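Worksheet: one structure, shown below.
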Amino acid sequence: MSALKVISDPNTAAPRAPYSQAIAVNGFIYCSGQIPMKPDGTIISDDIGAAATQCLTNLKGVLTAGGSTIEKIVKVNVYLVDMNDFAAVNEAYVAFFGTHRPARTCISIRALPLGANIEIECIAVE
């Protein structure tokens, strides 16, 4: 096993709990879940499409800081507070990824940190 490397993007909102934005090991980058928090700390909660795009933008920043790209994402997990938002999230997802289609799971959950309505995490190749 290769050494673990902590990845942090100074242009993405800093974690509000004791975790790393991402860890790189053995050729993969494991990104922590990103809520729709802007770099200034405000959370997008009134537009699920914009919220999903912010989550994905945060992940892109973390991956870039780790030397990867969104095209190298192999797995995405989406957590939604309201499954009625599924179609709008899919629209934002397609707009963000274009023709790239990583494996994906979407789960409905009861609540997310800081009152967020969506959280997205991913695994990418370095």
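Working from the Cα coordinates of the range 1-69, the gyration tensor eigenvalues give, after taking √(5λ), semi-axes of 23, 12, 9 Å in decreasing order.
Show me the ranking of peptides 4-10, 76-82 by mean Cβ neighbours inside 10 Å, starting with the highest. Display every interim value, and only then the final one.
On the way: 4-10: 13.7, 76-82: 18.6.
Per-residue mean Cβ counts within 10 Å order the peptides as 76-82, 4-10.
Modelled spin-label separation between Asp47 and Ala95, with each label point placed 7 Å from Cα along the Cα-to-Cβ direction: 0.7 nm.
Our estimate of slack between Thr105 and Ser8, defined as 0.36 nm per intervening residue step minus the Cα-Cα distance, is 32.5 nm. Dividing the mean sequence gap of close Cα pairs (under 8 Å, 6+ apart) by how many residues the chain holds gives a relative contact order of 32 percent. For the range 5-125, a simple Cβ point-charge model (Lys and Arg +1, Asp and Glu -1, everything else neutral) yields a dipole of about 440 debye relative to the Cα centre. Taken one residue at a time, the phi angles of the range 114-120 give Karplus couplings (6.51, -1.76, 1.60, θ = phi - 60°) of 6, x, 5, 9, 8, 9, 10 Hz. Gly and Pro are set to x. Normalised by 2.2 N^0.38 Å, where N is the number of residues, the C-alpha radius of gyration of the chain stands at 0.99.
Take the Cβ atoms of Tyr19 and Met83, set R0 to 25 Å, and the FRET efficiency comes out at 0.45.
Close amide-amide hydrogen proximity is noted between Gln34 and Ile120, Glu121, each under 5 Å apart and 5 or more residues distant or on a separate chain (H modeled in the peptide plane; Pro and chain starts excluded).
Rule-based calculations on the coordinates, nothing more; no lab input. Everything numeric in this text was worked out from a predicted model, so none of it was measured. Cβ atoms come from the backbone with ideal geometry, glycine included; neighbour counts cover every protein chain shown.
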